[in-house]
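Asker: The structure that follows is given in the form of structure tokens.
The values are calculated or read from the model by the stated rules, or taken from the named source; none is laboratory data. Since we're looking at a predicted model, the values are computed, not measured. Every residue, glycine as well, gets a Cβ built from its backbone with ideal geometry; the counts of neighbours run over all protein chains shown.
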Amino acid sequence: MSNDSLKNAERQLIHNTLSGDSSSFQPLVEKYWGLVFSIIKKYVKDQETVADLSQEVFLIAYSRLQQYRPEFNFSPWLSKIAVNKALEYLRREKRSPVVDFDPDFAECHRFAPEQILKQRELFDECLEKLPAEMQIIFILRHGLEFSYEDIAHVLDLPAGTIKGLLFRVRNHLKKIFEQGEKPQPRADMVFSEK
Amino acid sequence: MKNLSQGLTWFFQKSNAMKINCPDSVELQDYLDHNLSLEQRKDCEQHLKNCADCRQRLETFTQLYQAGGDYAAQQLSVKPSPRQIESIMNRIKLPGKKTQDSAKNDLISQFLANFKWLFAPAFVLIFTAIFLLLTKSGPENIPQPRPFAKQFDLQANVVEPIFDPGTILKTSGDQQIKLSEFSRVPLNCAVQLPKDAMILIRIADSQMKLNDEAVFSFSEKEMKLAAGHAMIELNPPHSGFIIKTPFAEVTPLGTRFSIEVKKHFIKIELEEGQIAITGKSGIKRILSKPGHVFVNPDGQFSNRIPQAQSNPTASEYRPEIHNHQAPIDNGSPQRILDSF
């Protein structure tokens with residue numbers, strides 16, 4: 001199915017839901033559960049809480065569906081709700097979002113030289129230690145091909161900042177594929193707190 | 001010496017020329033992101049044909065993009081369980097949510113906008129009809145009990161012992177009363193049932209059975225349950241009634257359910273009706289089908305018995321909570337209840 005026909009099918013489901021057929025919302029839950037779950041997982045570590053919050057995101061999306069503008073894509077709109085829900089949870093729990101590198105990241109170089117990890121595993125491991133927002137940018141850009149503007153909308157940051165951050169992190173991570181080693185953390189990739 | 005100087009000049013010129021001509025990493029990423037203009041793209045491709053270094057750099061970025069795509073795909077591959085879908089769809093279909101649906105219907109909105117002047121007389125008619133229904137006697141003029149005659153008032157409770165092992169019961173101020181003589185739970189008075197005892201408390205048309213050394217108290221609209229087991233059967237009206245436990249608050253919405261407060265968890269089991277549970281963490285869950293849910297000391301929900309943790313647990317809502325050395329039997333039930 002082409003991108004356009006997928007979008008049309010999605011719009012039809014949203015239209016049906018708004019017209020009172022709430023069962024039309026179920027395919028949207030099934031389709032976007034992974035997206036919502038992966039975004040919240042970047043902020044909240046407990047899996048059960050992540051699942052509870054993901055459910056809440058879909059309930060909020062359902063109750064605010066009238067505010068969604070069909071000329072835009074549905075997934076950035078839903079992603080923004082997920083980010084806000086996760087941040088709200090952290091505020092309520094008085095926990096700070098991860099705004100800096102995990103200190104463990106600095107230990108990347110402490111591995112013994114003989115310990116050979118596959119590049120992909122190394123890449124995933126280093127990416128997992130980046131700030132939550134950075135990982136979300138990677139998922140949205142590389143997994144769903146979101147535009148910089150869409151990502152900016154989701155994270156409430158200027159599109160130029162998103163692009164700059166993504167480029168810097170890619171430059172940083174490419175060392176894994178150049179030299180097969182973990183890169184050192186860099187101060188200029190610290191995410192500024194919103 | 002002259003040759004060396006010439007050689008260095010040539011080297012720096014060449015390296016500068018390369019730096020000027022070779023696309024930088026931003027351009028290479030823009031190339032892979034399809035963000036270059038057609039002309040820039042052609043220039044870049046032309047350069048790549050002739051520059052092995054840049055081809056190598058591009059290859060590195062291509063690998064990184066592939067790894068990024070695989071990472072994202074793996075993250076996005078999580079699927080909801082049938083139970084999670086069912087839970088969302090059930091909550092969507094709650095009556096309160098349906099009104100939102102209907103409000104979204106254009107035709108209805110248009111109708112409401114055009115005929116809003118009808119609302120005031122309609123409300124008057126509806127209220128008059130309700131008033132007449134409530135105040136008038138039955139169709140045959142026989143005095144009928146009014147549907148709201150029995151108010152749900154926790155103060156007006158009646159206690160009946162079901163199993164009386166002959167032991168004593170503790171109340172606030174460490175009073176000790178024989179279970180057989182305990183006929184009413186006073187408001188704001190902490191009560192701890194003796195071992196093996198079970199009591200029935202009637203409140204209007206509702207009732208609750210308590211056992212398992214239950215520690216509890218009543219206030220005007222609230223029941224606190226710090227330990228033990230309560231089986232509750234409610235008949236409306238009981239608006240505003242709430243049950244507080246160490247890890248969660250339960251708001252019954254017309255229903256039959258039980259709450260079991262254990263050392264490391266609380267088990268809430270719904271038999272009939274609907275209940276809303278708010279965990280200590282602030283997460284809310286509505287049980288609308290018969291089933292059970294566990295709440296751990298952090299106020300989070302699970303379908304299985306949560307594992308014991310080293311941090312504060314329900315056991316500490318037993319007498320130990322204020323005095324960590326005090327054993328269960330020597331503590332005051334008031335202190336246990338005051339702790340949450």
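Asker: So in the stretch B:172-186, with the set limited to residues that are of a type in the set (A, V, I, L, M) and surrounded by 14 or more Cβ atoms within 10 Å (Cβ to Cβ), which one is modelled with the lowest pLDDT? Spell out how you get there, then give the answer.
Answerer: Within the stretch B:172-186, the subset of a type in the set (A, V, I, L, M) is B:177, B:179, B:185.
Narrowing the set further to residues that are surrounded by 14 or more Cβ atoms within 10 Å (Cβ to Cβ) leaves B:179, B:185.
Numbers: B:Leu179: 80, B:Val185: 88.
Result: B:Leu179.
Asker: Test of understanding: among B:Pro23, B:Pro80, which residue is within 48 Å of the chain's Cα centre (by Cα), at pLDDT 85 or above and not in a helix (DSSP H, G or I)?
Answerer: Working: B:Pro23 fails: within 48 Å of the chain's Cα centre (by Cα).
On inspection, the qualifying residue turns out to be B:Pro80.
Asker: Suppose the filter is of a type in the set (Asp, Glu) and within 11 Å of another protein chain (Cβ to nearest Cβ); does A:Glu30 pass it? Outline the logic, then answer.
Answerer: Values: of a type in the set (Asp, Glu): yes; within 11 Å of another protein chain (Cβ to nearest Cβ): yes.
Here the answer is yes, as A:Glu30 does meet what is asked.
Asker: Looking only at the stretch B:44-56, decide whether some residue is in a helix (DSSP H, G or I), at the interface with another protein chain (Cβ under 9 Å from one of its Cβ atoms), crowded, with 19+ Cβ neighbours inside 10 Å and not small (Gly, Ala, Ser).
Answerer: Looking for residues that are in a helix (DSSP H, G or I), at the interface with another protein chain (Cβ under 9 Å from one of its Cβ atoms), crowded, with 19+ Cβ neighbours inside 10 Å and not small (Gly, Ala, Ser), one finds none in the stretch B:44-56, hence no.
Asker: Let me ask another. Given the condition under 16 Å from the mean Cα position of the chain (by Cα), under 30 Å from A:Ser54 (Cα atoms) and crowded, with 17+ Cβ neighbours inside 10 Å, answer yes or no: does some residue in the stretch B:231-242 qualify? Before you say what the answer is, go through the steps one by one.
Answerer: So in the stretch B:231-242, the residues under 16 Å from the mean Cα position of the chain (by Cα) come out as B:242.
Those still in the list that are under 30 Å from A:Ser54 (Cα atoms) too: B:242.
Going one step further and asking which of them are crowded, with 17+ Cβ neighbours inside 10 Å, we end up with none.
No: the stretch B:231-242 contains no residue that is under 16 Å from the mean Cα position of the chain (by Cα), under 30 Å from A:Ser54 (Cα atoms) and crowded, with 17+ Cβ neighbours inside 10 Å.
Asker: I need a count of the residues in the stretch B:61-79 that are at the interface with chain A (Cβ under 7 Å from one of its Cβ atoms) and within 11 Å of A:Leu35 (Cα to Cα).
Answerer: 7
Asker: Consider the stretch B:195-227. How many of its residues are part of a loop (DSSP other than H, G, I, E, B) and surrounded by fewer than 17 Cβ atoms within 10 Å (Cβ to Cβ)? Let's see the steps before the verdict.
Answerer: Of the stretch B:195-227, the ones part of a loop (DSSP other than H, G, I, E, B) are B:195-197, B:204-205, B:219-221.
Restricting the remaining residues to those that are surrounded by fewer than 17 Cβ atoms within 10 Å (Cβ to Cβ) gives B:195-196, B:205, B:219-221.
So the answer is 6.
Asker: Still on this structure, I have one more. Could you say which residue among A:Ser24, A:Ser19, A:Ser63 is farther than 26 Å from A:Ile137 by Cβ, within 7 Å of another protein chain (Cβ to nearest Cβ) and at pLDDT 90 or above? Even if it seems obvious, please write down each step before you answer.
Answerer: Working: A:Ser24 fails: within 7 Å of another protein chain (Cβ to nearest Cβ); A:Ser19 fails: at pLDDT 90 or above.
None of the others qualify; the one that does is A:Ser63.
Asker: Mind listing whichever residues of the stretch B:171-193 are of a type in the set (Asp, Glu) and either touching a residue at least 24 places away in the same chain (Cβ under 8 Å) or closer than 14 Å to B:Phe216 by Cβ (or both)? It would help to see each step written out before you state the result.
Answerer: Quick first cut of the stretch B:171-193, residues of a type in the set (Asp, Glu) only: B:174, B:181.
The one that is of a type in the set (Asp, Glu) and either touching a residue at least 24 places away in the same chain (Cβ under 8 Å) or closer than 14 Å to B:Phe216 by Cβ (or both): B:Asp174.
Asker: Can you tell me which of B:Ser302, B:Ser332 is modelled with pLDDT of 65 or more, over 30 Å from B:Asn235 (Cβ atoms) and within 14 Å of chain A (Cβ to nearest Cβ)?
Answerer: Selected residue: B:Ser302, the only one of B:Ser302, B:Ser332 that is modelled with pLDDT of 65 or more, over 30 Å from B:Asn235 (Cβ atoms) and within 14 Å of chain A (Cβ to nearest Cβ).
Asker: Also, quick follow-up: Could you figure out which of (1) within 33 Å of the chain's Cα centre (by Cα); (2) loosely packed, with under 11 Cβ neighbours inside 10 Å; (3) within 30 Å of B:Ala197 (Cα to Cα); (4) modelled with pLDDT of 75 or more isn't true of B:Asn157?
Answerer: (2)
Asker: Can you tell me which residue within the stretch A:163-187, out of those that are closer than 13 Å to A:Pro131 by Cβ and charged (D, E, K, R), is modelled with the lowest pLDDT?
Answerer: Per the criteria, the residue is A:Arg186.
Asker: Could you please find all residues in the stretch B:29-43 being away from chain A (no Cβ under 14 Å) and either touching a Cys at 6+ places or on another chain (Cβ under 7 Å) or in a helix (DSSP H, G or I) (or both)? Walk me through how you get there before you give the answer.
Answerer: Start the filter on the stretch B:29-43 by keeping residues that are away from chain A (no Cβ under 14 Å), which leaves B:37-43.
Correct list: B:Leu38, B:Glu39, B:Gln40, B:Arg41, B:Lys42, B:Asp43.
Asker: Pull up the stretch A:1-56, narrow it to residues that are over 14 Å from A:Lys85 (Cα atoms) and among the β-branched types (Val, Ile, Thr), then point me to the one that is nearest to the chain's Cα centre (by Cα).
Answerer: Keep residues of the stretch A:1-56 that are over 14 Å from A:Lys85 (Cα atoms), which gives A:1-34, A:45-48.
Now restrict to residues that are among the β-branched types (Val, Ile, Thr): A:14, A:17, A:29.
Details: A:Ile14: 23, A:Thr17: 26, A:Val29: 17 Å.
Step by step, filter the stretch A:1-56, then rank; the result is A:Val29.
Asker: Which pairs have Cβ atoms under 8 Å, sit 6 or more apart or on different chains, and link a residue in the stretch B:37-54 that is within 13 Å of B:Asp24 (Cβ to Cβ) to one that is among the hydroxyl-bearing types (Ser, Thr, Tyr) and assigned to a helix (DSSP H, G or I)?
Answerer: Cβ pairs passing all conditions: B:Cys44/B:Tyr31.
Asker: Something else: With (1) in a strand (DSSP E or B); (2) out of contact with any strand residue (DSSP E or B) (no Cβ under 6 Å at 6 or more places or on another chain) as the list, and B:Pro186 as the residue in question, which single condition is left unmet?
Answerer: (1)
Asker: Which residue out of A:Val36, A:Val83, A:Val57 is buried (at least 18 other Cβ atoms within 10 Å of the Cβ) and farther than 18 Å from A:Arg141 by Cβ? Can you show your working first?
Answerer: Numbers: A:Val36 fails: farther than 18 Å from A:Arg141 by Cβ; A:Val83 fails: farther than 18 Å from A:Arg141 by Cβ.
Unique residue meeting the criteria: A:Val57.
One line per residue, one yes/no per condition, for (1) of a type in the set (Lys, Arg); (2) assigned to a helix (DSSP H, G or I); (3) modelled with pLDDT of 65 or more; (4) assigned by TED's automatic domain parsing to the domain that holds B:Phe218:
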{"position": "B:Gln100", "(1), (2), (3), (4)": "no, yes, no, no"}
{"position": "B:Gln110", "(1), (2), (3), (4)": "no, yes, no, no"}
{"position": "B:Ile126", "(1), (2), (3), (4)": "no, yes, yes, no"}
{"position": "B:Leu132", "(1), (2), (3), (4)": "no, yes, yes, no"}
{"position": "B:Asn141", "(1), (2), (3), (4)": "no, no, no, no"}
{"position": "B:Ala149", "(1), (2), (3), (4)": "no, no, no, no"}
{"position": "B:Ile162", "(1), (2), (3), (4)": "no, no, yes, yes"}
{"position": "B:Gly166", "(1), (2), (3), (4)": "no, no, yes, yes"}
{"position": "B:Lys170", "(1), (2), (3), (4)": "yes, no, yes, yes"}
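Asker: Still on this structure: Quick one: how many residues across the stretch A:78-120 are closer than 18 Å to B:Gly68 by Cβ and modelled with pLDDT of 80 or more?
Answerer: Residues in the stretch A:78-120 being closer than 18 Å to B:Gly68 by Cβ and modelled with pLDDT of 80 or more: 1 in total.
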